[in-house]
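These notes concern the structure reproduced below.
The values are calculated or read from the model by the stated rules, or taken from the named source; none is laboratory data. On a predicted model such as this, the values are computed, not experimentally measured, just so you know. Cβ sites come from the backbone with ideal geometry, for glycine too, and all protein chains shown count toward neighbours. Heavy atoms of the whole protein, side chains included, go into the accessibility calculation; ligands, DNA and RNA do not. Shrake-Rupley method; radii C 1.70, N 1.55, O 1.52, S 1.80 Å.
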Amino acid sequence: VYPYTLRTNMTDERYEAPWRVLHIENQYLHCLVLPDLGGHLYTCRDKLSGTDVFYANTAIKKADVGPRGAWIAGGIEASFPVAHSRVTVSPVHFAATANDAGSGTVYVGAVDRISGMEWRVAYTLRPGSTVLQQKVWLYNPGFVRQPYQWWSNAAIRLPDNGLQLTYPMWVTAPHGAGVLDSWPVDAAGVDLSLTANYPDALGVFAYGSREPFFAEYNPQSRTGVAHWADPQEVAGKKVWVYGKADTGYKNRLSDDHSGYAEIQSGLMTTQDMMQFLEPQQSRSFTELWIPSRNTGGISRATPAAVLFLQRTLQAGGTVKAAIDVNVTSVQPHASLTITKGGQTVFQQDA
(Lines give C-alpha, C1' and ligand atoms only; values in the text may rest on other atoms or scores of the structure.)
Protein backbone atom coordinates (compact mmCIF):
# COMPACT_ATOMS: atom_id res chain seq x y z
CA VAL A 1 0.00 0.00 0.00
CA TYR A 2 3.05 2.29 -0.12
CA PRO A 3 3.11 5.32 0.06
CA TYR A 4 0.15 4.78 2.42
CA THR A 5 0.83 3.52 5.92
CA LEU A 6 -0.70 0.39 7.40
CA ARG A 7 -3.25 1.02 10.14
CA THR A 8 -3.37 -2.22 12.09
CA ASN A 9 -2.71 -1.13 15.69
CA MET A 10 -6.33 -1.13 16.81
CA THR A 11 -6.86 -0.89 20.57
CA ASP A 12 -9.75 -1.44 22.98
CA GLU A 13 -9.72 2.19 24.11
CA ARG A 14 -13.16 3.82 23.90
CA TYR A 15 -13.55 7.61 23.80
CA GLU A 16 -15.75 10.38 22.46
CA ALA A 17 -14.38 11.90 19.22
CA PRO A 18 -15.60 14.80 17.07
CA TRP A 19 -16.23 14.15 13.38
CA ARG A 20 -17.13 16.72 10.75
CA VAL A 21 -20.54 16.03 9.24
CA LEU A 22 -22.05 17.27 5.98
CA HIS A 23 -25.86 17.48 6.03
CA ILE A 24 -28.11 17.28 3.00
CA GLU A 25 -31.86 17.38 3.57
CA ASN A 26 -35.25 17.82 1.93
CA GLN A 27 -38.79 17.26 3.19
CA TYR A 28 -38.40 13.45 2.97
CA LEU A 29 -34.77 12.55 3.68
CA HIS A 30 -31.98 13.82 5.94
CA CYS A 31 -28.59 12.36 4.98
CA LEU A 32 -25.25 12.64 6.79
CA VAL A 33 -21.85 12.34 5.09
CA LEU A 34 -18.55 11.93 6.99
CA PRO A 35 -15.63 13.47 5.03
CA ASP A 36 -13.10 12.48 7.72
CA LEU A 37 -14.02 8.81 7.27
CA GLY A 38 -13.52 8.19 3.58
CA GLY A 39 -16.61 10.15 2.57
CA HIS A 40 -18.95 7.51 4.02
CA LEU A 41 -22.60 8.39 3.70
CA TYR A 42 -23.32 7.60 7.36
CA THR A 43 -27.08 7.22 6.92
CA CYS A 44 -30.29 8.78 5.60
CA ARG A 45 -33.21 9.28 7.96
CA ASP A 46 -36.51 8.62 6.17
CA LYS A 47 -38.84 11.22 7.68
CA LEU A 48 -41.97 9.43 6.46
CA SER A 49 -41.19 6.18 8.29
CA GLY A 50 -38.87 7.55 10.99
CA THR A 51 -36.25 4.88 10.23
CA ASP A 52 -32.64 4.95 9.09
CA VAL A 53 -32.36 3.76 5.50
CA PHE A 54 -28.77 2.52 6.01
CA TYR A 55 -26.94 1.03 9.00
CA ALA A 56 -26.24 3.94 11.36
CA ASN A 57 -23.62 2.28 13.55
CA THR A 58 -23.63 3.76 17.06
CA ALA A 59 -19.82 3.65 17.23
CA ILE A 60 -16.93 4.30 14.86
CA LYS A 61 -15.20 1.02 15.69
CA LYS A 62 -12.25 0.19 13.48
CA ALA A 63 -11.28 -3.39 12.66
CA ASP A 64 -8.56 -4.97 10.50
CA VAL A 65 -10.66 -5.56 7.39
CA GLY A 66 -9.55 -3.07 4.70
CA PRO A 67 -6.48 -3.17 2.41
CA ARG A 68 -4.58 -0.96 4.89
CA GLY A 69 -6.19 -2.56 7.95
CA ALA A 70 -8.59 -0.11 9.61
CA TRP A 71 -12.18 -0.28 8.35
CA ILE A 72 -15.62 0.53 9.76
CA ALA A 73 -19.10 -0.88 9.21
CA GLY A 74 -21.99 1.43 8.36
CA GLY A 75 -23.67 3.58 5.74
CA ILE A 76 -22.45 3.62 2.12
CA GLU A 77 -18.75 3.09 1.42
CA ALA A 78 -17.18 4.20 -1.87
CA SER A 79 -14.66 1.56 -3.02
CA PHE A 80 -12.09 2.69 -5.64
CA PRO A 81 -9.72 1.66 -7.15
CA VAL A 82 -9.86 -1.54 -5.05
CA ALA A 83 -12.59 -3.08 -2.92
CA HIS A 84 -12.99 -1.33 0.46
CA SER A 85 -10.70 1.50 -0.76
CA ARG A 86 -7.39 2.60 0.75
CA VAL A 87 -8.94 5.76 2.22
CA THR A 88 -12.09 4.23 3.66
CA VAL A 89 -11.40 5.75 7.13
CA SER A 90 -9.13 8.63 6.02
CA PRO A 91 -10.05 12.29 5.39
CA VAL A 92 -11.08 13.05 1.80
CA HIS A 93 -11.82 16.24 -0.12
CA PHE A 94 -15.37 17.57 0.25
CA ALA A 95 -17.69 20.39 -0.79
CA ALA A 96 -21.38 21.28 -0.71
CA THR A 97 -23.53 23.37 -3.00
CA ALA A 98 -27.10 24.57 -3.44
CA ASN A 99 -28.18 23.97 -7.03
CA ASP A 100 -30.78 25.52 -9.29
CA ALA A 101 -34.39 24.44 -8.71
CA GLY A 102 -33.76 23.98 -5.00
CA SER A 103 -31.68 20.80 -5.00
CA GLY A 104 -28.54 20.36 -2.91
CA THR A 105 -25.38 18.31 -3.44
CA VAL A 106 -22.58 17.08 -1.19
CA TYR A 107 -19.31 16.13 -2.91
CA VAL A 108 -16.61 13.80 -1.59
CA GLY A 109 -13.54 12.56 -3.44
CA ALA A 110 -9.83 11.80 -3.36
CA VAL A 111 -6.72 11.07 -5.42
CA ASP A 112 -5.33 7.55 -5.06
CA ARG A 113 -1.65 7.98 -4.17
CA ILE A 114 -0.56 4.68 -5.74
CA SER A 115 -2.14 5.01 -9.20
CA GLY A 116 -2.75 8.77 -9.31
CA MET A 117 -6.38 8.15 -10.33
CA GLU A 118 -9.13 10.39 -9.01
CA TRP A 119 -12.66 9.66 -7.83
CA ARG A 120 -15.58 11.88 -6.86
CA VAL A 121 -19.10 11.13 -5.60
CA ALA A 122 -21.92 13.68 -5.67
CA TYR A 123 -24.90 12.93 -3.41
CA THR A 124 -27.96 14.97 -4.45
CA LEU A 125 -31.43 15.45 -2.98
CA ARG A 126 -34.11 17.24 -4.96
CA PRO A 127 -37.19 18.96 -3.52
CA GLY A 128 -40.27 16.76 -3.61
CA SER A 129 -38.34 13.53 -4.25
CA THR A 130 -37.64 10.56 -1.97
CA VAL A 131 -34.71 9.43 -4.17
CA LEU A 132 -31.06 9.85 -3.17
CA GLN A 133 -28.94 10.32 -6.31
CA GLN A 134 -25.31 9.17 -6.26
CA LYS A 135 -23.31 10.38 -9.27
CA VAL A 136 -19.80 8.95 -9.61
CA TRP A 137 -16.86 10.32 -11.64
CA LEU A 138 -13.59 8.41 -12.14
CA TYR A 139 -10.50 9.78 -13.93
CA ASN A 140 -6.98 8.70 -14.85
CA PRO A 141 -4.80 11.81 -15.37
CA GLY A 142 -1.60 9.81 -15.89
CA PHE A 143 0.34 8.56 -18.91
CA VAL A 144 -0.21 4.78 -18.46
CA ARG A 145 -3.40 2.80 -18.10
CA GLN A 146 -4.40 1.78 -14.58
CA PRO A 147 -6.49 -1.14 -13.28
CA TYR A 148 -9.52 -0.31 -11.14
CA GLN A 149 -12.87 -1.42 -9.84
CA TRP A 150 -15.78 0.49 -8.32
CA TRP A 151 -18.22 -0.79 -5.71
CA SER A 152 -20.85 1.05 -3.67
CA ASN A 153 -21.06 -0.90 -0.43
CA ALA A 154 -24.28 -0.16 1.50
CA ALA A 155 -24.70 -1.61 4.98
CA ILE A 156 -28.22 -2.42 6.22
CA ARG A 157 -29.05 -3.07 9.88
CA LEU A 158 -30.23 -6.64 10.46
CA PRO A 159 -33.49 -6.98 12.42
CA ASP A 160 -33.97 -9.93 14.76
CA ASN A 161 -35.88 -11.93 12.14
CA GLY A 162 -33.63 -10.95 9.25
CA LEU A 163 -34.10 -9.19 5.93
CA GLN A 164 -35.71 -10.21 2.65
CA LEU A 165 -33.48 -9.75 -0.41
CA THR A 166 -34.91 -9.08 -3.87
CA TYR A 167 -32.23 -9.69 -6.50
CA PRO A 168 -33.31 -10.15 -10.14
CA MET A 169 -31.18 -13.20 -10.91
CA TRP A 170 -31.39 -16.97 -11.28
CA VAL A 171 -27.67 -17.73 -10.97
CA THR A 172 -25.01 -16.51 -8.49
CA ALA A 173 -21.24 -16.35 -8.74
CA PRO A 174 -19.19 -16.94 -5.57
CA HIS A 175 -17.19 -14.46 -3.50
CA GLY A 176 -13.74 -15.80 -4.35
CA ALA A 177 -13.11 -19.34 -5.56
CA GLY A 178 -16.13 -21.60 -6.07
CA VAL A 179 -18.85 -22.59 -8.51
CA LEU A 180 -21.99 -21.02 -9.91
CA ASP A 181 -25.12 -21.70 -7.89
CA SER A 182 -28.88 -21.12 -8.13
CA TRP A 183 -30.95 -18.28 -6.64
CA PRO A 184 -33.00 -17.80 -4.53
CA VAL A 185 -32.81 -21.46 -3.46
CA ASP A 186 -29.25 -22.78 -3.77
CA ALA A 187 -28.12 -26.31 -4.59
CA ALA A 188 -28.29 -27.23 -0.89
CA GLY A 189 -31.96 -26.24 -0.74
CA VAL A 190 -31.37 -23.05 1.29
CA ASP A 191 -33.47 -19.96 0.45
CA LEU A 192 -30.76 -17.28 0.34
CA SER A 193 -33.26 -14.47 -0.20
CA LEU A 194 -33.85 -14.63 3.58
CA THR A 195 -30.81 -13.54 5.60
CA ALA A 196 -32.02 -15.56 8.60
CA ASN A 197 -31.18 -18.71 6.60
CA TYR A 198 -27.46 -17.98 6.28
CA PRO A 199 -25.64 -20.44 8.58
CA ASP A 200 -22.19 -18.99 7.86
CA ALA A 201 -20.71 -15.88 6.29
CA LEU A 202 -21.47 -15.84 2.58
CA GLY A 203 -21.11 -13.41 -0.30
CA VAL A 204 -22.64 -13.96 -3.73
CA PHE A 205 -22.80 -11.94 -6.95
CA ALA A 206 -25.55 -11.80 -9.56
CA TYR A 207 -24.47 -13.69 -12.66
CA GLY A 208 -26.04 -12.71 -15.97
CA SER A 209 -28.57 -10.24 -14.49
CA ARG A 210 -29.69 -7.57 -16.96
CA GLU A 211 -32.18 -5.87 -14.64
CA PRO A 212 -31.49 -2.35 -13.30
CA PHE A 213 -32.57 -2.86 -9.67
CA PHE A 214 -32.09 -4.87 -6.50
CA ALA A 215 -33.51 -4.32 -3.01
CA GLU A 216 -33.69 -5.30 0.65
CA TYR A 217 -36.81 -5.30 2.82
CA ASN A 218 -37.32 -5.35 6.61
CA PRO A 219 -40.57 -7.22 7.47
CA GLN A 220 -40.56 -5.87 11.05
CA SER A 221 -40.64 -2.19 10.08
CA ARG A 222 -42.21 -2.76 6.63
CA THR A 223 -39.46 -0.58 5.16
CA GLY A 224 -36.68 -1.18 2.67
CA VAL A 225 -34.41 0.40 0.10
CA ALA A 226 -33.93 -0.34 -3.59
CA HIS A 227 -30.89 0.41 -5.73
CA TRP A 228 -31.36 1.39 -9.38
CA ALA A 229 -28.76 1.94 -12.12
CA ASP A 230 -28.38 1.32 -15.84
CA PRO A 231 -27.25 -2.34 -16.01
CA GLN A 232 -25.13 -1.60 -19.08
CA GLU A 233 -23.08 0.77 -16.91
CA VAL A 234 -23.41 -0.71 -13.40
CA ALA A 235 -23.69 -4.46 -13.90
CA GLY A 236 -22.51 -5.74 -10.51
CA LYS A 237 -24.94 -6.82 -7.78
CA LYS A 238 -23.64 -8.38 -4.58
CA VAL A 239 -24.97 -9.46 -1.19
CA TRP A 240 -22.83 -10.23 1.87
CA VAL A 241 -24.21 -11.72 5.10
CA TYR A 242 -22.09 -12.88 8.06
CA GLY A 243 -24.45 -15.68 9.06
CA LYS A 244 -25.75 -17.04 12.36
CA ALA A 245 -22.57 -18.94 13.24
CA ASP A 246 -20.32 -15.88 13.04
CA THR A 247 -21.60 -13.64 15.84
CA GLY A 248 -18.19 -12.29 16.84
CA TYR A 249 -18.24 -9.63 14.13
CA LYS A 250 -21.05 -7.84 16.01
CA ASN A 251 -18.68 -7.10 18.89
CA ARG A 252 -15.74 -6.50 16.57
CA LEU A 253 -17.52 -3.84 14.49
CA SER A 254 -20.13 -2.35 16.86
CA ASP A 255 -20.67 -1.43 20.50
CA ASP A 256 -24.36 -2.34 20.66
CA HIS A 257 -24.05 -5.94 19.37
CA SER A 258 -25.88 -4.99 16.19
CA GLY A 259 -25.61 -6.97 13.01
CA TYR A 260 -25.79 -5.84 9.41
CA ALA A 261 -25.83 -7.11 5.85
CA GLU A 262 -24.17 -5.53 2.83
CA ILE A 263 -25.90 -4.84 -0.48
CA GLN A 264 -23.44 -3.71 -3.12
CA SER A 265 -23.40 -2.42 -6.67
CA GLY A 266 -20.37 -2.41 -8.95
CA LEU A 267 -19.10 -1.88 -12.46
CA MET A 268 -17.85 -5.47 -12.81
CA THR A 269 -19.69 -8.75 -12.27
CA THR A 270 -17.52 -9.84 -9.32
CA GLN A 271 -14.77 -8.36 -7.16
CA ASP A 272 -12.21 -10.68 -8.74
CA MET A 273 -12.54 -8.60 -11.93
CA MET A 274 -10.74 -5.37 -12.82
CA GLN A 275 -11.02 -2.98 -15.75
CA PHE A 276 -8.61 -0.33 -17.02
CA LEU A 277 -8.78 3.44 -17.28
CA GLU A 278 -6.63 4.55 -20.21
CA PRO A 279 -4.47 7.69 -19.96
CA GLN A 280 -6.69 10.79 -19.68
CA GLN A 281 -9.82 8.61 -19.70
CA SER A 282 -12.73 9.41 -17.41
CA ARG A 283 -15.90 7.52 -16.61
CA SER A 284 -19.11 8.70 -14.98
CA PHE A 285 -22.39 7.01 -14.08
CA THR A 286 -25.40 7.48 -11.80
CA GLU A 287 -26.81 5.26 -9.08
CA LEU A 288 -30.11 5.81 -7.24
CA TRP A 289 -31.12 4.73 -3.72
CA ILE A 290 -34.91 4.56 -3.32
CA PRO A 291 -36.41 4.02 0.17
CA SER A 292 -39.78 2.32 0.57
CA ARG A 293 -42.23 2.25 3.47
CA ASN A 294 -45.43 0.50 4.55
CA THR A 295 -45.38 -2.19 1.87
CA GLY A 296 -45.61 -5.96 2.16
CA GLY A 297 -42.25 -6.33 0.43
CA ILE A 298 -40.40 -5.15 -2.68
CA SER A 299 -41.00 -6.89 -6.00
CA ARG A 300 -39.69 -4.27 -8.40
CA ALA A 301 -38.31 -0.73 -8.39
CA THR A 302 -37.90 2.10 -10.88
CA PRO A 303 -36.86 5.75 -10.39
CA ALA A 304 -40.58 6.57 -10.24
CA ALA A 305 -41.93 3.93 -7.84
CA VAL A 306 -41.42 0.83 -5.72
CA LEU A 307 -43.89 -2.03 -6.23
CA PHE A 308 -44.91 -5.03 -4.15
CA LEU A 309 -47.09 -7.60 -5.94
CA GLN A 310 -47.91 -11.04 -4.56
CA ARG A 311 -50.40 -13.48 -6.07
CA THR A 312 -51.85 -16.17 -3.78
CA LEU A 313 -53.96 -19.06 -5.04
CA GLN A 314 -57.26 -19.32 -3.16
CA ALA A 315 -59.71 -22.16 -2.63
CA GLY A 316 -61.75 -22.70 -5.78
CA GLY A 317 -58.89 -21.71 -8.08
CA THR A 318 -59.20 -17.93 -7.77
CA VAL A 319 -56.17 -15.75 -7.22
CA LYS A 320 -55.83 -13.02 -4.62
CA ALA A 321 -53.36 -10.23 -5.38
CA ALA A 322 -51.72 -8.07 -2.71
CA ILE A 323 -50.41 -4.87 -4.29
CA ASP A 324 -48.58 -1.96 -2.63
CA VAL A 325 -47.09 1.02 -4.47
CA ASN A 326 -44.75 3.75 -3.23
CA VAL A 327 -44.18 6.63 -5.64
CA THR A 328 -41.02 8.70 -5.29
CA SER A 329 -42.66 12.10 -5.84
CA VAL A 330 -46.11 13.62 -5.64
CA GLN A 331 -48.27 12.64 -8.62
CA PRO A 332 -51.42 14.79 -8.59
CA HIS A 333 -54.55 13.47 -10.34
CA ALA A 334 -52.92 10.09 -10.98
CA SER A 335 -54.77 7.03 -12.19
CA LEU A 336 -53.84 3.57 -10.91
CA THR A 337 -54.85 0.76 -13.27
CA ILE A 338 -54.38 -2.98 -12.80
CA THR A 339 -54.76 -5.24 -15.81
CA LYS A 340 -54.78 -8.98 -16.35
CA GLY A 341 -54.14 -10.23 -19.84
CA GLY A 342 -54.98 -6.80 -21.25
CA GLN A 343 -58.28 -6.58 -19.35
CA THR A 344 -58.70 -3.90 -16.68
CA VAL A 345 -59.61 -5.49 -13.33
CA PHE A 346 -59.16 -2.45 -11.07
CA GLN A 347 -58.86 1.30 -11.47
CA GLN A 348 -58.58 4.08 -8.91
CA ASP A 349 -57.80 7.79 -8.98
CA ALA A 350 -55.15 8.83 -6.42
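Say we look at the stretch 1-47 and pick out the residues that are among the aromatic types (Phe, Trp, Tyr) and either in contact with a strand residue (DSSP E or B) (Cβ under 9 Å, 6 or more places away or on another chain) or within 18 Å of residue 84 (Cβ to Cβ) (or both); which of these is least open to solvent (accessible area, probe 1.4 Å)?
4
Could you list, in sequence order, all residues of the stretch 48-80 that are in contact with a strand residue (DSSP E or B) (Cβ under 7 Å, 6 or more places away or on another chain) and in a loop (DSSP other than H, G, I, E, B)?
48, 49, 53, 54, 55, 56, 62, 68, 73, 74, 75, 80, listed by residue number.
Taking the stretch 175-220, which residues are among the polar types (S, T, N, Q) and surrounded by 15 or more Cβ atoms within 10 Å (Cβ to Cβ)? Working first, answer last.
Of the residues in the stretch 175-220, the ones among the polar types (S, T, N, Q) are 182, 193, 195, 197, 209, 218, 220.
The answer is 193, 195, 197, 209, 218.
Taking the criterion of being farther than 20 Å from residue 75 by Cα and modelled with pLDDT of 95 or more, would at least one residue in the stretch 240-259 satisfy it?
So far as the stretch 240-259 goes, no, none of its residues is farther than 20 Å from residue 75 by Cα and modelled with pLDDT of 95 or more.
Run down 264, 331 and say which single residue is assigned to a loop (DSSP other than H, G, I, E, B) and under 30 Å from residue 52 (Cβ atoms).
331
Give the residue that is most open to solvent (accessible area, probe 1.4 Å), with candidates limited to residues of the stretch 312-332 that are hydrophobic (A, V, I, L, M, F, W, C) and farther than 26 Å from residue 129 by Cβ.
That would be 313.
Find all pairs meeting these conditions: Cβ atoms under 6 angstrom apart; at least six residues apart or on different chains; first residue within the stretch 288-301 and at positive phi; second residue of a type outside the set (S, T, N, Q).
Once the first residue is at positive phi and sits in the stretch 288-301, its partners that are of a type outside the set (S, T, N, Q) give 294/222; 297/217; 297/308.
From the list 101, 96, which one is in contact (Cβ under 8 Å) with a residue 24 or more places away in the chain, more than 30 Å from residue 159 (Cβ to Cβ), part of a strand (DSSP E or B) and open to solvent by 20 Å² or more (accessible area, probe 1.4 Å)?
Answer to the check: 96.
Can we say residue 256 is outside any strand (DSSP E or B), open to solvent by 10 Å² or more (accessible area, probe 1.4 Å) and either over 20 Å from residue 63 (Cβ atoms) or not acidic (Asp, Glu) (or both)?
no
When the stretch 262-276 is examined, which residues are found to be surrounded by 20 or more Cβ atoms within 10 Å (Cβ to Cβ) and under 18 Å from residue 228 (Cα atoms)? Before the answer, list the steps.
Taking the stretch 262-276 and keeping what is surrounded by 20 or more Cβ atoms within 10 Å (Cβ to Cβ), we get 263-267, 271.
Scanning the stretch 262-276 gives 263, 264, 265, 266, 267.
Is it true that some residue in the stretch 333-347 is surrounded by 12 or more Cβ atoms within 10 Å (Cβ to Cβ) and of a type in the set (S, T, N, Q)?
No - not one qualifying residue is present in the stretch 333-347.
Name the residues in the stretch 312-323 that are in a strand (DSSP E or B) and of a type in the set (S, T, N, Q), would you?
312
Looking only at the stretch 111-131, which residues are out of contact with any Leu (no Cβ under 9 Å at 6 or more places or on another chain), aliphatic (A, V, I, L, M) and either crowded, with 20+ Cβ neighbours inside 10 Å or part of a loop (DSSP other than H, G, I, E, B) (or both)?
From the stretch 111-131, those out of contact with any Leu (no Cβ under 9 Å at 6 or more places or on another chain) are 111-114, 116, 122, 126-128; that's our starting set.
Pick out the ones that are also aliphatic (A, V, I, L, M) and you get 111, 114, 122.
Correct list: 114 only.
All but one of (1) within 17 Å of residue 243 (Cβ to Cβ); (2) in contact (Cβ under 8 Å) with a residue 24 or more places away in the chain hold for residue 186; state the number of the condition that does not hold.
Of (1) within 17 Å of residue 243 (Cβ to Cβ); (2) in contact (Cβ under 8 Å) with a residue 24 or more places away in the chain, only one is false for residue 186: (2).
Whether any residue in the stretch 156-178 is out of contact with any strand residue (DSSP E or B) (no Cβ under 8 Å at 6 or more places or on another chain) and free of Cβ contacts under 8 Å to residues at least 40 places away in the same chain is what I want to check.
Yes; the residues of the stretch 156-178 include at least one that is out of contact with any strand residue (DSSP E or B) (no Cβ under 8 Å at 6 or more places or on another chain) and free of Cβ contacts under 8 Å to residues at least 40 places away in the same chain.
Among 288, 309, which is touching a Pro at 6+ places or on another chain (Cβ under 7 Å) and either open to solvent by less than 60 Å² (accessible area, probe 1.4 Å) or part of a strand (DSSP E or B) (or both)? Outline the logic, then answer.
Details: 309 fails: touching a Pro at 6+ places or on another chain (Cβ under 7 Å).
None of the others qualify; the one that does is 288.
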